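The values are calculated or read from the model by the stated rules, or taken from the named source; none is laboratory data. Since the structure is predicted, the reported quantities are computational estimates derived from the model, not experimental observations. All Cβ positions, glycine included, derive from the backbone under ideal geometry; neighbour counts span all protein chains shown.
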Amino acid sequence: MKSAARHNSRLLLSRAIGLTAAALGLNYIVWRYAASLNMNALWFAIPMVIAESYGIVDMFLFVLMSWRQLDRVALAPPDKADVDVFITTYNEPEELVETTARAAMRIDWPDKKVYILDDGARPSMKKLAEEIGCGYISRGEEWARKPKHAKAGNVNNALLETSGEFVLILDADQIPAPSIFRKTLGFFADPAVAFVQTPQFFYNLPPGDPFGNEASLFYGPIQQGKDGWNAAFFCGSNAVLRREALMQIGIREYVETMEKREKETIAKLSKQVAKTSCNDEETCAAVDRLMEGLKSARAALDDKAPLERVSDLIGEAVRDAEFLVSRKDVKEIASVLNELADRGDMDAAAVYRHIIGNLDSIAGRTPSAALDSLRMSKEYVEALNLSRTDEAIPVQALATISITEDMATAMRLHSFGWKSVFYPEVLAYGLAPEDFGSSLKQRLRWAQGTIQVFLRDNPLVKKGLSFPQKLMYFSTMYSYFSGFFNLVLLLAPIIFFFTGIAPVSSWSVDFFARFVPFFVMNKIMFRFVAAGIPVWRGEQYNLAMFPLNIKAVLSVMTGKKLSFVVTPKHREDGRDFRLIWPQATVIVLTIAASVYAVVRFILGSGIDPIGLTVNLVWGAYNIASLAVVVKALYYRPPEGWEAQLPDFLSGDADTHGIQH
Amino acid sequence: MDLIIEEKNSGEDCGIVALSGRLNGASAGEFKHRIKQLVESGKSRLILDMSGVVFIDSSGLSALISGLKCAREAGGFFRLAGLRDQAATVIKLMMLDRVFDTYADVVAAKSPKSSAQ
């Protein structure tokens, strides 16, 4: 354990480095706008300087993030607490779930209940749960023909069936360490703490991490930085959550949704009814009655009357209107009977007298199609019912607005004033995708989900979040927009080689004096904050994932339907070249263009030698970054390599390192 | 036993369910189940006598919402009567007073506020 004093002095140094890097970045970018745009090629200069600005803002956000980095130590757990362990599964192999469930049963905590949340409703899984002695929960009949909301729905369903004060959520492959509750529950002594997130650690990463799945930078300095601003992210697994906090945001969401729906539906209905024409007394009276009901409902809503009452006001109006329309129908029948009676039909005359004598009671008992004839859609009336008929369960604690539910949920918790904790010790061991294709699918899902949250629940305008919290959420979302800007950075050398046009007005001493210190300091800062965690693989992927990030943004923006793809937990075979064609194209173009430029230079074309050198280095950097995906596509783990299961599966519980 | 649930026959066209004890995570499941049974047996017009409920938490409130959904879907109602301070406070805190129309006691709940003036 690092001492607090050492952490503090390290943090001060980190701030100094961060501030220096930010100042140098600012110095560079201001000069770029003010004095070095290539005015002869603005089509090139402007996209370039925008791409550079994107990077500078990214750096500012990084400096802010690292500003209050925390280094937490575990606190003593409470004497007693009821906890539930949720193991979520959909289609993962049984052995995988079994390993996790057996490890969960061995967690060192007396008052725990372990449940397998089986969204696949597999009888074999139910049997497995019985064998192991843990609980089994799958969706009930109320979910038939309703949106399932994938994992979020699975957990929301289980929350209603269980009652522990705290809930540990585990993906099917995340094997928990025995000490996971002893190390995390102590943080809940603060009643405002809603969740404690621990790292995702992968025990199956092949040597060299070819797919860039290693997450210790995120589940280390980055989360610790966000934690400093009370903005640690909930990541869907390996986290302990306070049930009360989850239920509370679920209820608030229900109230907000119902209020909004009531308002919108009244507006829609009013419009519809206003358009309805009527030719007879009763129908006109029915229309009037509906309008009146909608009006008073609207007034009650504005008055902040309970929605139950608002809904009932409309319900009454609908019933009255139905009655009036039925009454008209019955009267029409009566008049036909009357005609028959006039022609001497005595039976008809008797029925006529009966109907006229009991007009209201008959109309009240006659089913009416009033809603149709008044052109009121049934869905609208149902929408006003407060029963959330479109959903299986009314209270949804885990947010369902996004295919990545975790970020949206954490944001909602933070916005209601709950606190979060990131505890950096690895307490669960899981599987990363074992082939490139699956790894890309997972990245795409995260990117799409994050952008979805950005569009639907923008943190920058979300009430209840502090300004730093807004920025912490924003910075993660912001990073997924990098694809477009990275494309500009990748194409720039190619354009220079072929055309001789540069985005800067000249490759002057001024340029180097401003760019090099900034660039070097930025790299130093990143490595200092990373504190020994390798960063090059991440930097490579950051640039190389440009096609995927662009695809993610476009698919979300254009509203293409996104489905929650379960990340495959086993190797999918196939070296599909289509996965990397954009990167391969950029590599080939860069090489071809640089050869072309060098040959022209040798032949004496007058190309600027400094510009040529800069762009050759730049192009080489781009190729070195992009090469990572080519290697990944053709990667095969070394002969005899096997994933190593964590030691504790055979060893003893680890309870040291807890501060009393 | 956290919660005692008693169905009282009011002799009128609505059912009265008297709760006493704690409506929390431990008792929410049983409560929802009983409400569902009642509604399925045709009693969807329900008044909840909450005067015996000494404690309610978010899970309990969530169960009340489930009850409301169940009753209203069947065309009935789900009225809360006689809330104690703790329950009333939590309901307000969670903004559920925006949804539930609450009544001082069962008698008041039988003749609801006719309009929202």
- Note on the structure: Within region A:217-239, the count of residues that are more than 18 Å from the chain's Cα centre (by Cα) and among the aromatic types (Phe, Trp, Tyr) comes to 1
- Might you check whether a residue that is part of a strand (DSSP E or B), farther than 25 Å from A:Gly315 by Cα and in contact (Cβ under 8 Å) with a residue 40 or more places away in the chain occurs anywhere in region B:5-27? yes
- Message: Against the definition (closer than 26 Å to A:Gly153 by Cβ and not in a loop (DSSP other than H, G, I, E, B)), how does A:Leu96 come out, yes or no?
- Response: yes
- Message: Take B:Leu3 and tell me if it is more than 11 Å from chain A (Cβ to nearest Cβ), surrounded by 14 or more Cβ atoms within 10 Å (Cβ to Cβ) and more than 17 Å from A:Met247 (Cα to Cα).
- Response: yes
- Message: Just checking, does region A:136-154 include any residue being at pLDDT 95 or above, farther than 23 Å from A:Ile403 by Cβ and in contact with an Asp or Glu (Cβ under 7 Å, 6 or more places away or on another chain)?
- Response: yes
- Item | Residues that are within 21 Å of the chain's Cα centre (by Cα) and β-branched (Val, Ile, Thr), drawn from region A:131-161 | A:Val155
- Taking the condition more than 24 Å from A:Phe422 (Cα to Cα) and either of a type outside the set (D, E, K, R) or out of contact with any Lys or Arg (no Cβ under 8 Å at 6 or more places or on another chain) (or both), does A:Glu98 pass? yes
- Mind checking whether some residue in region A:272-287 is more than 15 Å from A:Thr409 (Cβ to Cβ), buried (at least 21 other Cβ atoms within 10 Å of the Cβ) and within 14 Å of chain B (Cβ to nearest Cβ)? no
- Query: Can you name the condition, by its number, that B:Val54 falls short on among (1) modelled with pLDDT under 90; (2) farther than 27 Å from A:Glu379 by Cα?
  - Reply: (1)
- Query: Among the residues of region B:40-74 satisfying the criterion of being part of a strand (DSSP E or B) and of a type in the set (D, E, K, R), which is nearest to the chain's Cα centre (by Cα)?
  - Reply: B:Asp49
- Query: Only one of (1) buried (at least 22 other Cβ atoms within 10 Å of the Cβ); (2) away from chain A (no Cβ under 14 Å); (3) touching a Cys at 6+ places or on another chain (Cβ under 9 Å) fails for B:Phe78. Which number is that?
  - Reply: (2)
- Would a scan of region A:194-216 turn up a residue that is among the charged types (D, E, K, R), buried (at least 23 other Cβ atoms within 10 Å of the Cβ) and in contact with a Lys or Arg (Cβ under 7 Å, 6 or more places away or on another chain)? no
- Restrict the check to region A:243-265 and report whether at least one residue is within 14 Å of chain B (Cβ to nearest Cβ), assigned to a strand (DSSP E or B), crowded, with 22+ Cβ neighbours inside 10 Å and within 19 Å of the chain's Cα centre (by Cα). no
- Message: Here is a check on your reading of the model: is B:Leu64 away from chain A (no Cβ under 12 Å) and closer than 27 Å to A:Ala81 by Cβ?
- Response: no
